[in-house]
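The values are calculated or read from the model by the stated rules, or taken from the named source; none is laboratory data. Quick caveat, the model's predicted, so the values are computed rather than measured. Reconstructed Cβ throughout: ideal geometry from the backbone, glycine too, with neighbour counts over all protein chains shown. These accessible areas exclude ligands, DNA and RNA; they are computed on the full protein's heavy atoms, side chains included. Shrake-Rupley method; radii C 1.70, N 1.55, O 1.52, S 1.80 Å.
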Amino acid sequence: MVRYAATPANAAKAAKSRGSYLRVHFKNTHEVAAAIQGLKLSKAYSYLNNVTEHKEAIPFRRFNGGVGRTAQVKQFKTTQGRWPVKSVKFVTDLLKNAESNAEAKGLNVEELYVSSVIVNQAPKHRRRTYRAHGRINPFMSSPSHIEVILTEKEENVPAASGKKISRLNARQLARNARLAAN
């Protein structure tokens, strides 16, 4: 069994999926993962589909050097964004795989949300490009390891409607005892 970078709080209510050494740009995939983190599964699907159709954009926050501006990312309170179609396809495929794993576990698919998406860099693939005056430069690719964890929403437990217990440290207890003795 492979080791995941993140562990769900309740493994019985979670479904996992991962892809290793995927030939898709790490930086773009990192931004896609950050954009869908915490979304409901149905909302994540529709959002990623809209990105593919250029109706919504992925906000680029960390790896944003040289990234152009677009009005479609105003809703995320930023200015730079892109539509990384290949990264969206890889992440969507992993979401579908995790959804299938959830169905096999007997989880309620309507209640699933994306609790964790982690993208790590895989070893670079090395190629070469030929330059002027007979020189050769590296031409590297930046593949990714991606893992997705979907979790069923927990029911909210109402807070106890009793007297609030104040916890005091030893110094405060001693002071209260001293004041009570006087």
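Descriptive notes on the structure:
- Taking a straight line from the alpha carbon of K153, these aspartates and glutamates sit under 19 Å away, with near neighbours fewer than eight places off in the same chain left out: E99, E103, E110, E111.
- Using a cut-off of 22 Å between Cα atoms, the listed pairs K40/K105; K16/K96; K13/K89 include K13/K89 as exceeding that distance.
- Extension gain for R167-E155 works out to 1.5 nm (0.36 nm per residue, less the C-alpha to C-alpha distance).
- In the full protein context, the range 84-157 carries 62 Å² of accessible surface per residue, based on a 1.4 Å probe and ignoring ligands, DNA and RNA.
- Length available on full extension from V2 to N176: 0.36 nm per residue minus the Cα-Cα distance, which gives 57.2 nm.
- Magnitude of the charge dipole, the chain, Cβ model with Lys/Arg +1 and Asp/Glu -1, debye to 20: 1120 debye
- Packing-based ranking of 8-14, 143-149, 169-175, 41-47 yields 143-149, 41-47, 8-14, 169-175, ordered from highest to lowest mean Cβ neighbour count within 10 Å.
- Computed extension length for N10-A71: 18.1 nm, one decimal, from 0.36 nm per residue of separation with the Cα-Cα distance subtracted.
- Proximal aspartates and glutamates relative to K124, as straight alpha-carbon distance under 20 Å, when same-chain residues fewer than 8 apart are discounted: E31, E147
- Global geometry of the range 35-74, whether rounded, prolate or oblate, following the gyration tensor of its Cα atoms and the 1.5 cut on a/c: oblate
- The chain, helix-only ellipticity at 222 nm - DSSP H runs n ≥ 4, -39,500 (n - 2.57), divided by all residues, nearest 500: -10000 deg cm²/dmol
- These residues, R135, R69, go from largest to smallest accessible area, 1.4 Å probe, as R69, R135.
- Take 100-111, 152-163 and order them by the average number of nearby Cβ atoms within 10 Å per residue, most first; the result is 100-111, 152-163.
- Cα gyration tensor shape for the range 7-71, rounded if a/c is under 1.5, else prolate or oblate: prolate
- I118 contributes about 40 Å² of solvent-accessible surface, heavy atoms of the protein only, 1.4 Å probe.
- The relative contact order of the chain comes to 31 percent, based on Cα pairs under 8 Å that sit 6 or more residues apart.
- Structural descriptor for the range 108-172: relative contact order 37 percent, calculated from alpha carbon pairs under 8 angstrom and at least 6 residues apart.
- Note on F90: accessible area approximately 60 square angstrom, rounded to 10, probe 1.4 Å, nucleic acids and ligands left out.
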